[in-house]
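*Asks:* So that we are looking at the same thing, I have put the structure below in structure tokens.
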Amino acid sequence: MKRSRLRMFKATSMTISIMGVLMIVATVAILAYLGFQSISSLISTDASSNDANEQLAALQSEYSSLKAQYDTVKAKVQNSGNNQLKQDYNTAELELIKAQSAVTDVSSAISVGKPSDEVNERIKIAQAQIQVAKTSLSGIKSRVG
């Protein structure tokens, strides 16, 4: 009887040891998987953030160029003496201000770490607003001469 108890104790002890090792291996595997997912997510976030920063730089450059064009045309409009042209210029300049605001929104979204979908949406809005400002400026330029 002592032998059967000893065998049963050994079998139980062996089973518990094997279960412990399996639980440790499973825990390590789960932690490795979670770590991999975390690193993978971090890398993809960095990549999309990098792309957004490049697009922001392009928007800022485009805005600066457009602002310089507006400033050049402003002097011509002021010297024209045409009140309707001045009023139309002011309306066009409001579109430029909206473009500046849209570019600032993109910068803000990137700096606070907004999700890439939201940043991309703001980039599209800024691009569209810059296009509106360009179109408005073209209309004024054609009337100034």
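*Asks:* Would you be so kind as to identify which of N79, S107, S61 lies farthest towards the positive end of the dipole of the chain, taking Lys and Arg as +1 and Asp and Glu as -1 on Cβ and the Cα centre as origin?
*Replies:* Farthest towards the positive end: S107.
*Asks:* In square angstrom, what is the accessible area per residue of segment 78-145 with a 1.4 angstrom probe? The partial results should precede the final answer.
*Replies:* On the way: 4010 Å² over 68 residues.
Value for segment 78-145: 59 Å² per residue.
*Asks:* Here is a further query. Is it possible to state the helix-based mean residue ellipticity at 222 nm for the chain, with each DSSP H run of 4+ residues giving -39500 (n - 2.57), the sum divided by total residues, to the nearest 500 deg cm²/dmol? What is it? All intermediate terms of the calculation are to be shown ahead of the outcome.
*Replies:* Details: 3 runs with 137 residues, N = 145.
Per the formula, -35000 deg cm²/dmol.
*Asks:* To continue, here is another question. Treating cross-link reach as a plain straight distance, find the lysines whose alpha-carbon is under 20 Å from the alpha-carbon of K67, omitting any fewer than eight places away in the same chain.
*Replies:* Within the straight-line limit of under 20 Å, K67 reaches these lysines: K76, K86, K98, K124, K134, K141.
*Asks:* Just the number, please: carbon plus sulfur as a percent of the accessible area of the chain, 1.4 Å probe, no ligands or DNA/RNA counted.
*Replies:* On the way: 6030 of 10160 Å².
For the chain, the apolar C and S fraction of the accessible surface comes to 59 percent.
*Asks:* Next question, about the same structure. Could you go through segment 70-75 in sequence order and give the Karplus-derived ³J(HN,Hα) for each residue, using 6.51 cos²θ - 1.76 cosθ + 1.60 with θ = phi - 60°, rounded to whole Hz, and x for Gly and Pro?
*Replies:* Coupling constants for segment 70-75: 4, 5, 5, 5, 4, 4 Hz.
*Asks:* If you don't mind, another one. Does segment 84-126 classify as rounded, prolate or oblate by the C-alpha gyration tensor (a ≥ b ≥ c root eigenvalues; a/c under 1.5 gives rounded; else a/b over b/c gives prolate, otherwise oblate)? Numbers along the way, then the final one.
*Replies:* Values: a/c = 7.62, a/b = 3.40, b/c = 2.24.
It comes out prolate by the Cα gyration axes.
*Asks:* Restricting things to alpha carbons, find the Rg to Rh ratio for the chain using the Kirkwood radius for Rh.
*Replies:* Values: Rg = 32.4 Å, Rh = 20.2 Å.
Rg/Rh for the chain comes to 1.60.
The values are calculated or read from the model by the stated rules, or taken from the named source; none is laboratory data. For clarity, every value in this text was computed on a predicted model and none was experimentally measured. Here Cβ is always computed from backbone atoms with ideal geometry, including for glycine, and neighbour counts include all displayed protein chains. In case anyone asks, the SASA skips ligands and DNA or RNA and just uses the protein heavy atoms, side chains included. Shrake-Rupley method; radii C 1.70, N 1.55, O 1.52, S 1.80 Å.
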